[in-house]
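Read through the structure below, which is laid out as C-alpha cells, and then see the notes.
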C-alpha cells in the first residue's frame with residue numbers, strides 16, 4: 001500500500017519537479033483521487049489555513065525532507081486537518097499516527113484510514129513487543145515516510161487547550177532517527193470546531209501553524225528535550241494568539 005521506492009534514501013531525496021526514476025512509481029488508483037477530495041473537504045469545512053513559520057514545506061532546491069510533525073492534541077480532527085493542510089507532494093509522503101481501536105471501529109473508517117490517510121495504526125491498550133507503537137513508527141520511517149504524531153498522548157479537555165506534558169515517544173524517535181526533521185505544529189480552534197465527545201461541527205475557522213524544526217542538542221537529556229519540544233508548540237500558540 002502506498003508509494004513504492006527502491007530505498008528509503010530515494011524517498012527522502014524526492015524532488016517535486018523530478019519525474020519518477022526507472023523502477024519507481026507513484027500510486028495511480030482510486031485512493032489517490034479520494035485523497036484529493038477528502039483533503040479538499042477537510043480544508044473547506046474547517047477553513048484550515050496553513051502557516052509556515054521558520055521552515056518551508058519544500059526546500060528551495062525542490063527536496064522534501066523526511067519529517068516528524070508533532071502537534072497539540074485537542075480533537076479527532078487534528079491528524080486529518082494537519083494532513084490536509086500539507087501541500088500535495090508533502091501530504092503523499094506523510095502518514096498520521098492514529099489509534100487502531102478508533103480507526104478500525106467500522107468498515108468506512110477503516111478504509112479511509114488505510115487507503116486515504118495511509119495511517120500508521122497503533123495499539124493503545126494491549127501493547128506487546130510485536131505491536132509496540134515505537135517499533136511500528138520506526139518501520140514506517142524506514143520506508144521513507146514522514147509522520148504526524150501527538151506527544152501529549154491524549155486530547156486536551158480544558159477550554160483553552162493548554163499544551164500538555166509530552167510523553168517520551170518523540171524523544172525515542174528523534175534519537176533513533178537524528179536525520180529526520182522534527183517540526184512543531186500548533187492547531188488553533190479545532191477543539192471548538194469538534195469538541196471532545198461531540199459529533200457535529202461548529203462553524204469556526206481553524207489554522208495550522210508549522211514552526212521551526214528542532215533536533216536534540218548534543219548532551220541534552222530526555223526531560224530537557226521534551227520540555228523544549230513542548231515549548232516550541234506553546235510558542236506557536238502564543239504567537240497565534242498575538243496575531244504574529
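Only the coordinates and a few stated rules stand behind these numbers; no lab work does. Predicted model, so just to flag it, every value in this text is computed and none were measured. So basically every Cβ, Gly included, is an ideal-geometry build from the backbone, and we count neighbours across all protein chains shown.
Say R0 is 25 Å: what FRET efficiency, to the nearest 0.05, do residue 101 and residue 129 get from their beta-carbon distance? About 0.85, to the nearest 0.05.
A crude spin-label estimate for the pair residue 215 and residue 228, with each label 7 Å from Cα along the Cβ direction, gives 1.2 nm.
With only alpha-carbon pairs counted, each pair once and no self-pairs, how large is the Kirkwood hydrodynamic radius of the stretch 8-241 in angstroms? Don't skip to the answer; put the middle values down first.
On the way: mean 1/r = 0.0549 Å⁻¹.
It works out to 18.2 Å.
For the stretch 27-166, a/c is less than 1.5, where a ≥ b ≥ c are the root eigenvalues of the C-alpha gyration tensor. That puts it in the rounded class.
Ranked highest first by average number of other Cβ atoms within 10 Å, how do 51-63, 114-126 line up?
Values: 51-63: 13.2, 114-126: 17.6.
Output ranking for 51-63, 114-126: 114-126, 51-63.
Simple spin-label estimate for residue 177 and residue 108 gives 3.2 nm between the two label positions (7 Å along the Cα-to-Cβ direction from each Cα).
Ordered by packing density, taken as the mean number of other Cβ atoms within 10 Å over each peptide's residues, highest first, how do 180-191, 219-230 rank?
Details: 180-191: 23.2, 219-230: 14.9.
For the peptides 180-191, 219-230, the packing ranking is 180-191, 219-230.
With both residues required to sit in the stretch 8-241, DSSP beta bridges show an antiparallel share near 25%. Placing dummy labels 7 Å off each Cα toward the beta-carbon, the span from residue 34 to residue 154 is 3.1 nm.
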